[in-house]
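> Handing you a structure now.
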Amino acid sequence: MSLRDNISQRLKESDIAFRADVLLSELTSYGIGGPADLLVLPDNPERMAKALRILADDGMPVFAIGRGTNILAADAGFRGALIRVQDRRFERIGDGRFDIGAAITLDEVVDALAKAGYVGAQGLAGIPGSLGGGIAMNAGAWGYSTGAIVNDVLAFGIDGYPVEIDLGEMFEYRWSKLRGNTVVSSATVVMLGRGDPEALFSQANEYRRRRATTQPLDRKSAGCIFKNPPHDHAGRLIDAAGLKGTSVGGASISDVHANFIVNLGGATAVDVLTLINIATEKVFNEFGIELEPEIIKLGFDR
Ligand code: EPU
């Protein structure tokens, strides 16, 4: 029996949902990427822990894909298992305290907190990823960040055991210690201020509108490609280097926002990587600033 068949059998026996032979182009917002062996869909922490242990027993590589919104997946795909958490709980557990499943999108979190009349998440409106992914990379916008509203996280190491979380040292700009080797299952969000739900909805919608006018949301992308360097903006620098509209194959540096490389149709990961290299090199040559990617690359290190 092949490794994959053996794992599939054990997942079935443990009643853990999964799919075999999936395509990363269908699991990422970029619409780019080759096949992966398995997509595992645990719907609670017990099944997640069990699934991770089954995969670890057989040494199968694991990657937490979430909603796939910040990922550039290789054209050759990924030999391993993708995990997409299915926990969609949203439970009030105290005054301003909520226990939220990692599969709920940040956008849904914003609306649910606005409805409950709590201030502090509005700027996360329109961020396309899941809460789990948003925590792992500390997603944010307009001065708001996911890490700022999170008080506790239930996450598992790829060995299937819960990881110790020290919130004090967990989050940095577009980065958290959870990136890479853990899978987020759920989180406690704590909100301090109260506000009027109608006003909070309209603020959230204003942020969504701003995003829609400054970013190419009508195209497939992985959001911003590079982190902003200190005291500057990657988009401004790539724009100033004259690179808007530069295309390779089906990929193009967006005319709307230069820190987006959009898939105009049929783009490959190599097209995107070539544009990443062009932008990195030109910005370095013109301004002496080294841009660092924000997106997560999957399947390239073989
Ligand atoms: N700019 C240009 N040309 C461009 C794009 C931007 O000159 O093509 C200039 C703008 O005019 C503005 C400045 O650069 O003066 C900043 O632009 P913007 O307000 O769009 O913000 P940003 O720094 O480019 C960041 C986040 C976005 C987030 C927005 C809004 C990063 C890497 N990017 O973009 O996050 O939505 O602020 O808060 O931190 C993402 O992480 O995927 C993302 C898109």
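Computed from the coordinates by the stated procedures, all read-outs in this text should not be read as laboratory data. Please read these numbers as outputs of a predicted model, since none were measured by experiment. Every residue, glycine as well, gets a Cβ built from its backbone with ideal geometry; the counts of neighbours run over all protein chains shown.
> From the helices alone, meaning DSSP H stretches of at least four residues, give me the mean residue ellipticity at 222 nm for the chain, per-run term -39500 (n - 2.57), in deg cm²/dmol to the nearest 500.
That calculation yields -9000 deg cm²/dmol at 222 nm.
> Could you work out how much longer the chain between residue 292 and residue 173 gets when fully extended? Use 0.36 nm per residue separation minus the Cα distance between them, nm to one decimal.
Difference between extended and current length: 41.6 nm.
> Give a quick list of GluC sites (Glu not before Pro) in the range 139-198 that DSSP marks as loop, anything other than H, G, I, E or B, with at most 10 other Cβ atoms within 10 Å.
164
> Give me the distance between the Cα centres of the range 140-194 and the range 251-280, rounded to whole Å.
29
> Take the residue pairs 12/297; 50/177; 177/220; 12/220 and return only those whose Cα atoms are more than 32 Å apart.
12/220
> Which FRET efficiency value, to the nearest 0.05, do you get for residue 194 and residue 91 by plugging their Cβ-Cβ distance into 1/(1 + (r/R0)^6) with R0 = 25 Å?
0.85
> Spelling out what I want: for every residue of the range 169-179, take phi, set θ = phi - 60°, compute 6.51 cos²θ - 1.76 cosθ + 1.60 (Karplus), and round to whole Hz; glycine and proline get x.
10, 7, 10, 10, 4, 6, 7, 9, 5, 7, 5
> Right, next: Starting from the 7 Å offset along Cα-to-Cβ, what nm value, one decimal, do you get for the label separation of residue 256 and residue 244?
Going by the 7 Å Cα→Cβ label model, 1.3 nm.
> What does the charge dipole of the chain about its Cα centre add up to, to the nearest 20 debye, if the Cβ of each Lys and Arg holds +1 and the Cβ of each Asp and Glu holds -1?
400
> Now for a separate question. If you place +1 on the Cβ of every Lys and Arg and -1 on the Cβ of every Asp and Glu, how big does the dipole about the Cα centre of the range 1-159 come out, in debye to the nearest 20?
Rounded to the nearest 20 debye, it is 80 debye.
> Can you compute 3J(HN,Hα) from phi for each residue in the range 27-35, using the Karplus curve 6.51 cos²θ - 1.76 cosθ + 1.60 with θ = phi - 60°, rounded to whole Hz and x for Gly and Pro?
Each residue's phi maps through the Karplus curve to give 10, 10, 5, 6, x, 10, x, x, x Hz.
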